[in-house]
Amino acid sequence: MRYMERTLVLIKPDAIEKRISGLILDRLDHLGLQMTGAKVVSLTEELARAHYKNLEGKPFLEEVIQYMMGEFNNVPNHKIYAFVFQGENAIAKVRQEIGSTNPEKAAPWTIRGSFGRFIGDVMQNCVHASGSPEDAEKEIALWFKPEEVLDR
Ligand code: TYD
């Protein structure tokens, strides 16, 4: 069992446009983790590319960047909502609640299964959550200054 993990959660432009941010936070709240960081971010292309560095060379990368920048949704200011959640098994708990990457394969009761969709080839899957402790720490450092996250 992993102890006291941290994970980065992003509410993406499609979820902001659909006004389901509250619903997503409500579902995550029920996991019993601690929210230790929260902010509204105006995403830069630089941050989007750094966040999805692992997708370099993938054919869908450019469209994912456009999606994250809000180009496919009616959301001004390149807005993304970013959170840090902390707790026992935080990474697996949050990933289980949001569901598989592909919204058509995600279990219907998950966030992505309920609200995600394809627009062309792009998966608009509402929410990001870190996939491993290593990724989580890298991602938290990209999105948050240390003083913006409550101490462990
Ligand atoms: P990835 O890091 O593989 O998944 P996850 O977000 O579940 O950790 O992919 C990052 C994002 O890229 C994913 O949320 C949606 C998008 N994506 C596509 O649009 N098409 C694809 O075929 C894949 C694998 C991902």
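Computed from the coordinates by the stated procedures, all read-outs in this text should not be read as laboratory data. This is a predicted model, so every value here is computed, not measured. Positions of Cβ are backbone-derived with ideal geometry, glycine not excepted, and every protein chain shown enters the neighbour counts.
With the condition kept exactly as written, say whether any residue in the range 109-125 is away from the ligand (no atom under 14 Å from the Cβ) and among the hydrophobic types (A, V, I, L, M, F, W, C). There is at least one residue in the range 109-125 that is away from the ligand (no atom under 14 Å from the Cβ) and among the hydrophobic types (A, V, I, L, M, F, W, C). Could you check the range 48-69 and list, in sequence order, the residues that are crowded, with 17+ Cβ neighbours inside 10 Å and in a helix (DSSP H, G or I)? Residues satisfying the conditions are ALA48, HIS51, GLU63, VAL64, ILE65, TYR67, MET68. With respect to the stated conditions, ILE80 is away from the ligand (no atom under 12 Å from the Cβ), of a type in the set (Val, Ile, Thr) and either surrounded by 13 or more Cβ atoms within 10 Å (Cβ to Cβ) or within 21 Å of TRP143 (Cα to Cα) (or both).
Results for (1) under 15 Å from the mean Cα position of the chain (by Cα); (2) polar (S, T, N, Q), shown as yes or no for each residue.
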{"site": "PRO76", "(1), (2)": "no, no"}
{"site": "ASN89", "(1), (2)": "no, yes"}
{"site": "THR101", "(1), (2)": "yes, yes"}
{"site": "PRO146", "(1), (2)": "no, no"}
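Scan the range 94-137 for residues that are surrounded by fewer than 21 Cβ atoms within 10 Å (Cβ to Cβ), within 18 Å of MET4 (Cα to Cα) and either polar (S, T, N, Q) or out of contact with any helix residue (DSSP H, G or I) (no Cβ under 9 Å at 6 or more places or on another chain) (or both) and the total you get is 5.
Among the residues of the range 86-103, the one identified as under 13 Å from CYS126 (Cα atoms) and more than 11 Å from the ligand (Cβ to nearest atom) is GLU97.
Within the range 49-61, the set of residues being within 12 Å of the ligand (Cβ to nearest atom), hydrophobic (A, V, I, L, M, F, W, C) and either under 11 Å from GLU139 (Cα atoms) or touching a strand residue (DSSP E or B) at 6+ places or on another chain (Cβ under 8 Å) (or both) comprises just one member, PHE60. GLU45 meets each of the listed conditions (1) touching a His at 6+ places or on another chain (Cβ under 8 Å); (2) over 26 Å from GLY87 (Cα atoms) apart from (1).
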